[in-house]
1. Summing -39500 (n - 2.57) over the DSSP H runs of n ≥ 4 in chain A and dividing by its residue number, what mean residue ellipticity at 222 nm do you reach, to the nearest 500 deg cm²/dmol?
2. P(r) for chain C: what percent of alpha-carbon pairs falls in each 20 Å bin, starting at zero?
3. Once both axes come from the Cα atoms, what is the angle between helix C:219-228 and the longest principal axis of chain C, in degrees from 0 to 90, rounded to 10?
4. For peptide C:7-14, how many partner chain Cβ atoms fall within 10 Å of a residue's Cβ, on average?
5. Let me test this: with uniform point scatterers at the alpha carbons of the stretch C:190-289, what is the Debye-based log₁₀ I(q)/I(0) at q = 0.16, 0.18, 0.22 1/Å?
6. Can you compute the helix-only [θ] at 222 nm over chain B? Use -39500 (n - 2.57) per DSSP H run of at least 4 residues, normalise by all residues, nearest 500 deg cm²/dmol.
7. Roughly what percent of Cα-Cα pairs across the stretch C:87-190 reach past 22 Å?
8. Taking Cα pairs under 8 Å and at least six residues apart, what relative contact order does the stretch B:186-335 come out at, in percent?
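No value in this document is a laboratory result; all are computed from the given coordinates. Predicted model only: the values in this text are computed from it and were never measured. Here the Cβ positions follow ideal geometry from the backbone for every residue, glycine too, while neighbour counts run over all protein chains shown.
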Amino acid sequence: MAAEESYPDELKYHREHDWARIDGDEAVLGITWFAQDSLGELVHFEPPTDGQQIQRGASYGEVESVKAVSDVIAPLSGEVLEVNRKAVDEPETVNADPYSEGWLIRIRLSEPAEADELLDAGAYRAFLAEQ
Amino acid sequence: MKLIYEKSQSGRTAYTLPRYELETPELPEALRRSEPPRLPELAEPELVRHFTELSTRNFGIDTGFYPLGSCTMKYNPRVNERLANLPGFRDLHPLQEEEGAQGALELMWRLQEALVEVSGLHACSLQPAAGSQGELTGLLLMRAYFTERGEHEQRRKIVIPDSAHGTNPASVTMAGYELTPVKTDARGNIDVEDLRAKVDEHTAGLMITNPSTLGLFDEHVEEIARIFHSVGALMYYDGANLNAVCGISRPGDMGFDIIHINLHKTFSQPHGGGGPGGGPIVVRDTLEPFLPVPQIVRDGDTFRLDFDRPKSIGKVRGFTGPFGVFIRSYAFIRMWGPQLKRMSEIAVLNANYLLARLRDAYDLPFDRLCMHEFVVSARSLKREHGAGALDVAKRLMDYGFHPPTVYFPLIVPEALMIEPTETEPKEVLDEFCDALLAIAREAADSPELLKDAPHDRPVRRLDEVRAAKRAIVRYGFEDHPDLGAEPVEPRQLEAQKGA
Amino acid sequence: MTPFVSLTERDEREMLDAIGVSSVDELFRDVPEGVRFRRELALEPALSEPEVVAHLEQLAARNVRDEVSFLGAGIYDHYVPAVVDAVLQRGEFLTAYTPYQPELSQGVLQAIFEYQTAICELTGMDVSNASGYDGTTVAADACYVAKHVTGRSIVVVTEATNPQVRQVVKTFAPGFGLEVVEVPHRDGVTDPDELAEAARDAACVIFQQPNFFGNLEAAPELAAAASEAGALAVAHVDPLSLGVLEAPGSYGCALAIGEGQGAGNHQSFGGPHYGFLAARSEFIRRMPGRIVGETVDAAGERGYVLTLQTREQHIRREKATSNITTNQTLLALGGLVYLSWLGPQGLRELGETCLGLAHHAKTRLQEAGLEPTFSGQTTGKEFAVRVGRNAADVVRDARAQGVHPGYPLGRDYPGLDDSLLVALTEKRTPADIDRLVEVLAS
């Protein structure tokens, strides 16, 4: 059920192990393969509320496995437009498919320029290799 | 095994009560119970069999070796149970007049005196209900102390090492303080340079366990005390590991100002599968005015409760604390007497013996003599054979032992934290080592033996993910409508729930 | 040396050799010289087992026994059946630690699951923890839950709630960042309108049913006043009243808490006992302490584990829902055995018997010229009565005649110096009540 390790090229990455799929002034956010693998099978996603403002570098929710809990750190700032109900109801979806079915939230960007500071897939892989 | 609710049959009873032929007054309709609670209905023989069967599915120190690190699972003397159940203690109401409770008050006063001596500090409150409540109480004493000095607003930080029990940071937050973590150095001591950089006039105090959760005595404890006292901060000693140092080194002499003592660890209160415990605190004289109310004081030959303590932080629990726990710990201390040091010496000897026998088969994160416990790592087993600390722990059950604490402290990967206590004979220590050495070989030869373990327990490995996701935390009567009519097998019950 | 260690001189030599040190003292070489304790501990001489028994029997004999007691005020002299003591003395329960390894702990885990079920049934709630320390600390726990659920910073406690519960809440509130507001009682009960006013902006409202005076509150109205203000309604209840009184879950409470002692624990001068804390399911992730959940094992068999542990201190650390590790499992197990012994029928009968005795005592005292402190209030197994002079003096005089007539309310409520709180359990007989009337009316 767990996905194979991968870091898609079309995504942007944050050192707190989050990814962003940017589309115009919106972005879809989630956690990376590395993050879900470190936590183990997820049993709970505590999401933000619709309309909430989230800040780059700050926590916007929590993901839990049986033995660990982790803040989810926003790679970009913005307003929450949608929470992935499937990730809430069946959090194991995040393990199975962290980059598409297992996305966490969709936001409207408030500071689109922040995207320039995120890593591309190659840089994120290099960052992981250093850890 | 069936739940007691699945054995229940409507109309069966175990109770008998006196009947007085008195009129029962009418209660207002709105306040009257509408639906009776679905408590079990069994006659007494089946009641006793149910709980006896449950007990056979449990492992205690009476069952076998229980080297659960940081929990000090020592033998619990049976005489203490007899003493705690003396009617003069057991049936005493906590609001009895002082004159009618002199024996209880004297026992508590004597226990306080003993704890003061072992701690090397000055004044004791027995009130906190458990170690973590002792921590919170101690932190509130710090608040009160700094509030009186007008420094509370300034001093917001409590320093805690990264090897600490989770209760320490949780208590810090609950006391309204902020956490400042400090690192562990390569020898397993607190990193003094890291500490120095983090301690200043905004620091309220330090909170550590010594020996630490790694089972190591901090070699720099005097320097650490100087650092804190030089900025006017206080030092809190988490007494979880006091079993290592009774009569060897006293927290007060190390420079600590406040200590809690886990009576269910060092002083043999049986832990009852999760409690009760006891968490008395002992403090330096400067903190005495802030101790909880009431204090037990001696006036000549009589003992009384002192409620007139205007600077007290208040009450942290009902009455004067878990008295039954005090009886057992007091009796334990009286049977050791001044030789209590020997208890700690043997606990440390036993731990070092285990360490000496195991050091080649498991990874040793800190190569030092240990105190009453030590931490080894199954990191190599995990890397080379895919069997980690959890697998080793489960396999130990097949050998008849309770596993050590695993995955703690957090700074050691694949940690196994082993604490034998002073009450185990050498033969048991040897058998345990033989088992752990055999398991290390099994990990190489047939790792599936570890991964499938345990093999002969009432249950196999349990699915914790499922438990957390579905959160069934009470019996689902509504899922089993036929109960009481037809006996239902547990298997069918699972099926009905879609299991 | 005590009989609890097995070490022989030969063992010690072999072990030191294996370690590679020459003496036990050398094992402590990491303890700096400056903090070594170099004298013998000044503890009293060691006692043999017969001596320690004799010593503690002497101490126990200095506590009063054989007094006809009407003391209650939170701790009650209910009968503890023999089966409870028998089960709690099973070494497999008594000497186990917290069930961290479920395969070796199915006995206590299943028992806690059954206990959680019993508490939910009693209180009408969806989820119960594995126990709290006592009836006072669970109130502080409830405040911590309410702070995080509501984000508000005031807690309201009625003045008619047990004074020790209020004191413990006040001790912990500043650390939690909470302010405590008390709502006074009016003739022994709480006014729902006054409570509604105080509950605005409150995280929770704690009230006791029956309240500390033994009076029945308009509990459904109090719960509604709290809920309508957006505060969590927290009922502090006597578990043994819940065979006759409505379950808090049935009148809209968010949490139900209480002291479990009366249900299966000896009085033991105040502990150890268990506190219970139960809640509606929506608050499950904010619950303090251990919770046991059902699951299956690798072979598909039903089993039990500690669950939702990410709430707890060992994982969530400074963000944990509480700092509890050790709770009161053995005492809660006593509660489960006791409630199983009573069953629903026994619970109801017990409640009615205590109500009948209390009503009888109140009536007899009234006939003897002693008026209830709060006339016109419906009471449970406890009631307040005016004794015509300082109640503490009355207690002293009555005790000289072998009767403890109850708790002097003036200790906690200035203005009620002439009132005693009298508690009746099934262990008090009509003949005992005759003696109470005799000593109080004299």
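1. Helix contribution divided over all residues of chain A: -5000 deg cm²/dmol.
2. Result returned by the calculation: 23, 48, 24, 5, 0.
3. Orientation of helix C:219-228: about 70 degrees from the principal axis.
4. Values: counts 10, 2, 0, 1, 8, 5, 0, 3.
Taking the mean over all residues of the peptide, I get 4.
5. Each listed q maps to, in turn, -0.70, -0.86, -1.16.
6. -10500 deg cm²/dmol
7. Result: 50 percent of Cα pairs exceed 22 Å.
8. Values: 205 pairs, mean separation 25.1, N = 150.
Computed over the stretch B:186-335, the figure is 17 percent.
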